[in-house]
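Here, each number is a calculation from the coordinates, and none is a lab measurement. Just so we're clear, the structure is a prediction, and the values are computed from it rather than from any experiment. Positions of Cβ are backbone-derived with ideal geometry, glycine not excepted, and every protein chain shown enters the neighbour counts.
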Amino acid sequence: MSSLQSRAGGPPPAPRPLPVLGVILAAVLLGSAGLFVILAEATAPTAAFLRCWIAVVVLAPLAVLELRRHGRFPPKAILIAAVSGGALGIDYVVGP
């Protein structure tokens, strides 16, 4: 028995279906984005920008749910996420 189970008095709760479905939907949308890029004859930076916005549309509601459930994110976590996002954006635009 883990220490979490002994303190909480039972097994952890099952995951809720909404976040799982959101992640699956995001994966499907991002996976199909390549087909739309080919059909639209878009450039690499445009395709990277649009893929990120497709992800934002799906993941933003999930982030709101997490904020309501757990409260505000620590400032250090926000800084790390911002730096990581900036690095990913640079990699999308500069990379081959």
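Here are some notes:
- Length added when fully stretched, V64-V93, from 0.36 nm per residue minus Cα-Cα: 7.6 nm
- Set of the range 65-96 residues, backbone N closer than 12 Å to the point 7 Å along the Cα-Cβ line of C52: 82-94
- When the Cα positions of P11, L21, L59 are compared along the charge dipole of the chain, P11 comes out farthest toward the positive end, with charges on each C-beta of Lys, Arg, Asp and Glu.
- Scattering profile of the range 45-96 at q = 0.21 Å⁻¹ [log10 I(q)/I(0), Debye over alpha-carbon scatterers]: -0.88
- Cα-Cα P(r), the chain, percent of pairs per 10 Å interval: 13, 30, 32, 17, 7, 2
- In degrees, nearest ten, helix 17-40 long axis to first principal axis of the chain (Cα): 10 degrees
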